[in-house]
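K.L.:
This is the structure, below, for whatever I ask next.
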Amino acid sequence: MRRFLLVNPPIHDFAAYDFWLQPYGLLSVAGQLRGQAEFLLFDYLDRARSDGGFRIADCGLKKASAAHPQSDRWGRGRLCCERIESPEPLKNIPRYFRRFGAARTCFTDYLRERGPFDYVLIQTMMTYWYPGIREVIEDVRSTWPGARIVLGGNYATICSEHARGLGADLVVVGSDLEPLWQFLEMTPDPGQPALWEVVGANDYSPLRVGAIKLADGCPFRCSYCSVPRVYGGFRPRPLERLLAEVELLAGRGVENVAFYDDALLFDAQKVLVPFLKEVLRRDIRVHLHTPNALNARFLTGDLARLMVKAGFKTFYLGFESVSRQWQQGTGGKVFSEELAQAVEHLFAAGADPVDITAYQIVGHPNSDVQELEESMRFVRRLGIRGMLADFSPIPGTPDGEACRRWVDLEEPLMHNKTAFPIIRLGFEEVNRLKDLQRALNRSIMAPGAI
Ligand code: B12
């Protein structure tokens, strides 16, 4: 039987946090080959392995926390990391640069102990995280030169030319997997759920957090987002496969499942509602989370009640700005009164205010008209938390292209979300806004404090 190694690479960045991070795309692809090959997973970001597989003490990495890698009550937590030198293009950004995840020697030991492999499939995520992928490719090449390396996912799709330069044997662009099946000379079964059983199967880390995505693409065309341009219009995934996926997760003891959807509430009567009704009918008990932002416009009273009943615990709402001019200029995804209405529905349905958060972009090229401070105060007045979402300029999007006057987008490191707001607004201003956001959030817990 052919042997596949699946790899979720380390992250080189100023900051990274395990916000329900899972290599879900990679596992979805491998799931389609279930039973046809032997699969192993090396997940550099698996916090549960940090005193086992990672052998943190041996590799001198800073521990994620004083005790065993702790998670918060919904399964998120800090990743272990070590300080490294900032790469040349980011030298002027006055923040410490780090490498997050298992030490390099853990991977090379693992390769030697568990190899050889016929294929190595690597998950790529943020475009500016490519140094982690380069590192994985170098180590695979030097240990098992005969292994054939495949890249797929977000960086491979958005920066495909750049990714080809890293020396993999195949770069899969977008969600068309036909070139992959031809390369492997294998026939997929698209009805199969993601290959969650490889997580923890070869080590002593149980699977704790899962991810799911009910639909591909997005019906909106927000000027800062790449999804509709890269993945096209909204297409629901088959309900039966999704239910098999969530059952597989719950059956393996997973408590928290994050939705990776770009438009989870769109066409809810046809997609989310039937899914949640089946989750309730089958008595599948998991906590559900929406890190990738919900569109408040579609959050009706009925839907909010169903979501809370089915197990949704945290609600992240994409707001971005209170300014009508900014809202209209970026695609009119949501208006302020729609956010206010959605929050009322969530309160009425029994959602906990501390678990409702509105995202607002910081460092956007049109920040002049964004009225960010007023947006933050508007969110505070609704009685929910705010979170500043640092802007990442993505090539091929209207807003990303507008940033070419500040940064060289051909270098994916310059898409970094910590760097761009500092370049756009200045270090002091970014710090001031973040401090203000923290103070506003603290005042939710202690009303009247601000
Ligand atoms: C889920 C998600 C997140 C999650 C994290 C996911 C993770 N595991 O790391 C959260 C919510 C934390 C997140 C955060 C952010 N995100 Co985000 N996120 C996504 C999203 C929706 C899916 C990414 C994903 O997991 N894809 C994997 C699976 C779910 O995708 P799939 O479609 O099923 O995969 C298919 C193909 O892609 C392919 N494939 C996928 N993987 C693989 C692997 C192999 C080997 C192969 C062969 C094929 C393959 O085959 C699959 C089957 O068809 C994308 C948008 C999108 N729709 O892709 C944005 C996206 C990646 N994020 C984006 C952004 C901007 C951000 C933030 C900067 C937002 C912010 N300001 O806070 C932060 C950055 C976090 C950080 N620390 O830097 C941008 C990209 C930015 C960039 N420069 O790369 C995207 C593209 C959205 C956008 N606005 O355009 N994000």
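The values are calculated or read from the model by the stated rules, or taken from the named source; none is laboratory data. On a predicted model such as this, the values are computed, not experimentally measured, just so you know. Counting neighbours? That spans all protein chains shown, and the Cβs are built from the backbone with ideal geometry, glycine included.
K.L.:
Any idea how many residues of segment 412-436 are more than 12 Å from the ligand (Cβ to nearest atom) and more than 18 Å from E371 (Cα to Cα)?
P.N.:
2
K.L.:
Please work out which one of (1) within 14 Å of the ligand (Cβ to nearest atom); (2) free of Cβ contacts under 8 Å to residues at least 12 places away in the same chain; (3) not polar (S, T, N, Q) is the condition G165 fails and give its number.
P.N.:
(1)
K.L.:
Report whether or not D189 is more than 25 Å from P395 (Cβ to Cβ), of a type in the set (D, E) and either buried (at least 19 other Cβ atoms within 10 Å of the Cβ) or in contact with a Phe, Trp or Tyr (Cβ under 9 Å, 6 or more places away or on another chain) (or both).
P.N.:
no
K.L.:
Could you tell me whether any residue of segment 48-68 is within 14 Å of the ligand (Cβ to nearest atom), surrounded by 14 or more Cβ atoms within 10 Å (Cβ to Cβ), part of a loop (DSSP other than H, G, I, E, B) and at pLDDT below 95?
P.N.:
no
K.L.:
Still on this model: Just wondering, is there one or more residues in segment 322-335 that are of a type in the set (G, A, S) and closer than 21 Å to I444 by Cβ?
P.N.:
Scanning segment 322-335 turns up no residue that is of a type in the set (G, A, S) and closer than 21 Å to I444 by Cβ.
K.L.:
While we're here: What is the residue count in segment 113-139 for residues that are part of a strand (DSSP E or B) and within 17 Å of V230 (Cβ to Cβ)?
P.N.:
2
K.L.:
Does segment 384-405 contain at least one residue that is among the hydroxyl-bearing types (S, T, Y), under 30 Å from D302 (Cβ atoms) and in contact with a Lys or Arg (Cβ under 9 Å, 6 or more places away or on another chain)?
P.N.:
Within segment 384-405, not a single residue is among the hydroxyl-bearing types (S, T, Y), under 30 Å from D302 (Cβ atoms) and in contact with a Lys or Arg (Cβ under 9 Å, 6 or more places away or on another chain).
K.L.:
Has segment 141-156 got at least one residue that is more than 21 Å from F14 (Cα to Cα), surrounded by 24 or more Cβ atoms within 10 Å (Cβ to Cβ) and among the hydrophobic types (A, V, I, L, M, F, W, C)?
P.N.:
yes
K.L.:
Just the residues that are β-branched (V, I, T) and in contact with a Ser or Thr (Cβ under 7 Å, 6 or more places away or on another chain), please, taken from segment 388-424.
P.N.:
Of everything in segment 388-424, those that are β-branched (V, I, T) and in contact with a Ser or Thr (Cβ under 7 Å, 6 or more places away or on another chain) turn out to be I394, T397.
K.L.:
Moving to a separate point now. Only one of D109, D72 is part of a helix (DSSP H, G or I) and surrounded by fewer than 20 Cβ atoms within 10 Å (Cβ to Cβ). Can you tell me which?
P.N.:
D109
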